[in-house]
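> Here it is, the structure, as structure tokens.
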């Protein structure tokens, strides 16, 4: 007795071969020459030698599976069981590829089974062979399959037809359900079936607490089975006498609806569950032409594509939502009776599947999230790089391998930053520039383009802040002019200067250091907040124009940072602030993840408060305005006057609203 297996290193094949090896008989496996090393590694994992597991070189796309005539003669009369598992299990594969592998490959396997006079041909098909049959599909049904338009359904059905109509050897057919990972270890070799929704559930977990009730979708029943059940059932049924010519559904006799399945995995991943589920069939009253028309609109198509790409969900997966077929498996159940082989309840092994996915297959694990992966060898222009946030950012960029262009008015301090970077082994160049002067900005852009070919990342950090109430600013209109000149027009001039080259290269990222004040609208900062709001609004408008050109905009609504800019306001010495290094970490986050906006929760709360309860928010801000006085200079008092000390009430309020400029 000996076995022959195609698809031995595939997902189901790995476990089936492990079972067959335990029976002590030789196992011949089809392998391409290019995959011999892979098989050698797999042989070691199985704990088999080259006498127990014998490689037979060939190819699924060739007659007799490409097996040499000499090997056919050696195998003739030896093969008691011929297992054909090799196929494409990928909804996204082309119709041509699926036809070649699934249908033509099966035909070539049948030819080899005949040439070697194999005892029984075991064809591993799929429940997809039934198509989208509306009702109960029995194991003895085949021609009744419906809705085979998708190439995966059609080729699985047609390959099974090849066995039924062309195989001259005894045969048995097996139709597994949606095969997921091992129920004990969680192992699976790729993301498929229900795994496509794991990323969505993971994102919900990050956004919302697990007790938050959610509205979800309900639909058809997904027939999910773990791979160890399928492999064990195949092994048992193949060796049981008197089953030739039969078909077996390796399915769950009590399948769950898609909403129930998602909730089980949500519980496994500690994500919010869908308390109320809407059945997708209830939207069937909407005429198909209307749905098609809406879905064909370019903006809708682009948004849908962006969301599905972000979640890693193929569009074809959505046809599973209303899966209409139930699978009668009485023949398989009867043949497995007494073996102890049965489908375990999904909730008993869902946590194992989730844990394996999150540790080994989560797509985010394979994305380079390091700063060096983004900026190494790239040109990063940092304004205000002589101190504070700009200096800390420049040092982090250089440490990650970036070519950092240090921009500020004072050359002496820039040299200090440059020396610190070079001492640590980084690269930087100083470009003195007064960002409030348009001619100076133009000269900076021209020099960067000439000497470095362009700018990959522009960090607009240089800025001026003025803390003075409007009532003390009636005779200081120039405060508003100079703040706008630097914070808005200067930053805008640099953006407009570097954008043409970014457009040409189809890449670029502009990071604007804004303020939490734009979200909280804190009093006394009308000049500063107005200038930053202008830059925020420009970025929001421009981002939509350049999204399809490979250019990203990120606005960082920075909380209060301990920098020289806030030093004149002595009260800030007693309130919570970020360090420049912590602020630079937000710039790193912007570069690595490319979000549209980075803001603290308090900042977002402030923006929501202004939108939801503007009058109450104004009352709160007015109270804070009266609680914290203008600085000595803003009040027109002499600089030598002692600063007012913070009261316990002021310090408590500042701590409660940590990060907001008061």
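What follows is calculated from the coordinates using simple rules that are stated; it is not laboratory data. Worth saying up front: this structure is predicted, and the values here are computed from it rather than measured. FYI the Cβ positions are ideal-geometry reconstructions off the backbone, even for glycines, and counts take in every protein chain you see.
> Between residue 530 and residue 1, what length comes free when the chain is fully extended (0.36 nm per residue of separation minus the Cα-Cα distance, one decimal in nm)?
Working: separation 529, 0.36 × 529 = 190.44 nm, distance 8.41 nm.
Extending this stretch completely gives an extra 182.0 nm.
> Tell me the label only: which of (i) 3, 12, 17, 15, 13, 11, 9, 7, 5, 4, 3, 1, 0, 0, 0, 0; (ii) 3, 13, 18, 17, 14, 13, 11, 7, 3, 1, 0; (iii) 3, 12, 17, 17, 13, 8, 6, 7, 7, 6, 4, 2, 1, 0, 0 is P(r) over Cα pairs in 10 Å bins from 0, in percent as calculated from this structure?
(ii)
> Here's a follow-up. Treat each spin label as a single point 7 Å out from the Cα along the C-beta direction, and report the residue 215 to residue 355 distance in nm.
3.6 nm
> Could you check the spin-label model distance between residue 416 and residue 328? Points 7 Å from the Cα along Cα→Cβ, value in nm.
Label-label distance for residue 416 and residue 328, simple model: 8.5 nm.
> For a test of the definition: using alpha carbon positions, the gyration tensor, and the 1.5 limit on a/c, classify the stretch 67-116 as rounded, prolate or oblate. Before the final figure, lay out each step's value.
Working: a/c = 3.53, a/b = 2.48, b/c = 1.42.
Prolate, because a/c is 1.5 or more and a/b exceeds b/c.
> At a threshold of 8 angstrom on Cα-Cα distance, excluding pairs fewer than six apart, so keeping six or more, what relative contact order does the chain reach in percent?
Working: 1171 pairs, mean separation 60.2, N = 662.
Value for the chain: 9 percent.
> Report the calculated FRET efficiency for residue 503 and residue 369 (r = Cβ-Cβ distance, R0 = 35 Å), to the nearest 0.05.
Numbers: r = 27 Å, r/R0 = 0.76.
Working from the Cβ atoms, E equals 0.85.
> Kindly state, to the nearest 0.05, the FRET efficiency for residue 97 paired with residue 36, given R0 = 35 Å and r defined as their beta-carbon distance. Display every interim value, and only then the final one.
Numbers: r = 23 Å, r/R0 = 0.66.
After rounding, the FRET efficiency stands at 0.95.
> Okay, moving on. How large is the helix-only mean residue ellipticity at 222 nm for the chain, computed as the sum of -39500 (n - 2.57) over DSSP H runs with n ≥ 4, divided by its residue count, in deg cm²/dmol to the nearest 500? Intermediate values should be presented prior to the final figure.
Values: 25 runs with 276 residues, N = 662.
Computed ellipticity for the chain at 222 nm equals -12500 deg cm²/dmol.
> Ok, one more. Compute the angle between helix 580-593 and the longest alpha-carbon principal axis of the chain, please, reported from 0 to 90 degrees and rounded to the nearest 10.
Orientation of helix 580-593: about 40 degrees from the principal axis.
> I've got another one for you. In whole Å, what are the Cα extents of the stretch 42-149 along the three principal axes, biggest one first?
Between the extreme Cα coordinates on each principal axis of the stretch 42-149 lie 48, 29, 28 Å.
> Pairing the Cα long axis of helix 346-356 with the longest principal axis of the chain, what angle in degrees results, from 0 to 90 and rounded to the nearest 10?
60 degrees
> By its C-alpha gyration tensor, with a ≥ b ≥ c as the square roots of the eigenvalues, how is the stretch 422-512 shaped: rounded for a/c under 1.5, else prolate for a/b larger than b/c, else oblate? Intermediate values should be presented prior to the final figure.
Working: a/c = 2.52, a/b = 1.93, b/c = 1.30.
It comes out prolate by the Cα gyration axes.
> What is the Cα centroid distance between the stretch 447-498 and the stretch 373-402, reported in whole angstrom?
19 Å
> Specify the angular offset, from 0 to 90 degrees and rounded to the nearest 10, of the alpha carbon long axis of helix 105-115 from the longest principal axis of the alpha carbons in the chain.
Between the helix axis and the principal axis of the chain, the angle is about 30 degrees.
> Using Cα-only point scatterers and the Debye equation, what is log10 of I(q)/I(0) for the stretch 371-628 at each q in 0.08, 0.10, 0.11, 0.17 Å⁻¹, rounded to two decimals?
Values returned for q = 0.08, 0.10, 0.11, 0.17 Å⁻¹ are -0.31, -0.48, -0.58, -1.37.
> Which of the peptides 5-18, 328-341 is most tightly packed, and how do the rest follow, going by the mean number of other Cβ atoms within 10 Å of each residue? Present the calculation step by step, with values, prior to reporting the outcome.
On the way: 5-18: 22.6, 328-341: 15.1.
Per-residue mean Cβ counts within 10 Å order the peptides as 5-18, 328-341.
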